[in-house]
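Notes follow the structure.
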Amino acid sequence: MSKVAREIFGHLPDGAVIELIKLFGDNGFEVRLITFGAALQSIFVPDRSGRLADIILGRDNLEGYLAVRRFLGATIGRYANRIANGTFELNGARFQLPTNDGANALHGGLAGFDRQRWAVIGIGERPEPFVTLSYVSADGEEGYPGRLQTEITYRISGGMELSLEFAAMTDRPTIVNLTNHSFFNLCGVESASGILDHRLVIAADAYLPVTASGIPLASAPRDVEGTPFDFRGSHRVGARLGGPDEQVAIRSGYDHNFCLRAGAPDQPEFAARLEDPSSGRALELWTNQPGVQFYSGQFLDGSVIGKFGRAHHRFDALCLEPQNYPDAPNRPDFPSARLDPGQRYRHVSRYRFFAG
């Protein structure tokens, strides 16, 4: 049986074809992605009894993705997360980005990488099922300097392991921070169960407290000890949402960057583990990025109808987004997001799924 398949998912208004690519692993494990936004559209994972379920939010057709921008499974760039006031300085020059999240720039601007058509430049089954997508961002696109050549490879790197490898090169000094924005529900998105009973571990001793608009405070990072942000041991996602913590209240839940203990290693290190006790499905995230944004899905408002005809409601799914820190271009105390000509941006994240 072939481990890779491709078909037409839809057409853009200009007639351009958007493809759906399927990658197959073991035990029914299957990954589907589309070339619009280089987005993960579905991931099918067995439970402890071998029953398959799709565990990420998405849309059934291209029209759904085009109609409403929700970043479902999408590749985010040029800069994931927020940049304060949409502005940063590089080599003495000030750059102004479109502000699309109040006063701040979010997830690449008005038409970030999640709204672009990516090209398939490589696909195959050996040594493992993979597809490589490419997008060239022009100098000045969404206000960012430099022509940025970007590639992402989705690969089934184990029986039930999905590897994402991002790469980028520029012809002019710029900033880069790429991630995947999948919304996970290990019960299966077709079920009526949310993620509040999922159990979560994050390998972080500190997190970034934020303003009401999501920009890290000047005092960040902050120790997780004694706070609802201490996920060094396994905790129910919903266990501490109703407490008096100011940071939980200010974002109506979790929407914060966790500073990973491993920092930014050359090879991926353990970052987080998510488990659904009811189904036995579990996910481990390994990454070479310095942070992971944990978003508990509190702003899902029921206005979007996803796959299986289900509306996406509050706490129906959560995100674990490996990335650099938010607003790093304006914070010399944070890991640098700068990319210069001759350098190669490299982000590797692995999603290991289990059923037990």
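For the stretch 164-194, the set of residues classified as of a type outside the set (A, V, I, L, M, F, W, C), closer than 21 Å to Val31 by Cα and under 13 Å from the mean Cα position of the chain (by Cα) consists of Glu165, Thr179, Asn180, His181, Ser182, listed by residue number.
When the stretch 299-319 is limited to residues that are touching a Ser or Thr at 6+ places or on another chain (Cβ under 8 Å) and not in a loop (DSSP other than H, G, I, E, B), the one that is nearest to Asn257 (Cα to Cα) turns out to be Cys319. Can you find a residue that is part of a loop (DSSP other than H, G, I, E, B), among the aromatic types (Phe, Trp, Tyr), over 19 Å from the mean Cα position of the chain (by Cα) and at pLDDT 95 or above anywhere in the stretch 333-354? Scanning the stretch 333-354 turns up at least one residue that is part of a loop (DSSP other than H, G, I, E, B), among the aromatic types (Phe, Trp, Tyr), over 19 Å from the mean Cα position of the chain (by Cα) and at pLDDT 95 or above. Checked across the stretch 156-163, the condition of being of a type outside the set (A, V, I, L, M, F, W, C), under 15 Å from Val31 (Cα atoms) and either surrounded by fewer than 18 Cβ atoms within 10 Å (Cβ to Cβ) or touching a His at 6+ places or on another chain (Cβ under 6 Å) (or both) holds for at least one residue.
Only a single criterion out of (1) crowded, with 19+ Cβ neighbours inside 10 Å; (2) within 30 Å of Ala53 (Cβ to Cβ); (3) in contact with a strand residue (DSSP E or B) (Cβ under 7 Å, 6 or more places away or on another chain) is not satisfied by Asn185, namely (3). Counted as qualifying within the stretch 8-80 are the strands (runs of 3 or more DSSP E) with 2 or more residues that are under 22 Å from Phe315 (Cβ atoms), namely 39-46, 52-54, 74-76.
Taking the stretch 31-53 as the range and being surrounded by fewer than 20 Cβ atoms within 10 Å (Cβ to Cβ) and either among the acidic types (Asp, Glu) or within 23 Å of Leu106 (Cα to Cα) (or both) as the test, only Asp47 passes.
The values are calculated or read from the model by the stated rules, or taken from the named source; none is laboratory data. Since the structure is predicted, the reported quantities are computational estimates derived from the model, not experimental observations. Note: ideal-geometry Cβ built from the backbone for every residue, glycine included; neighbour counts use all protein chains shown.
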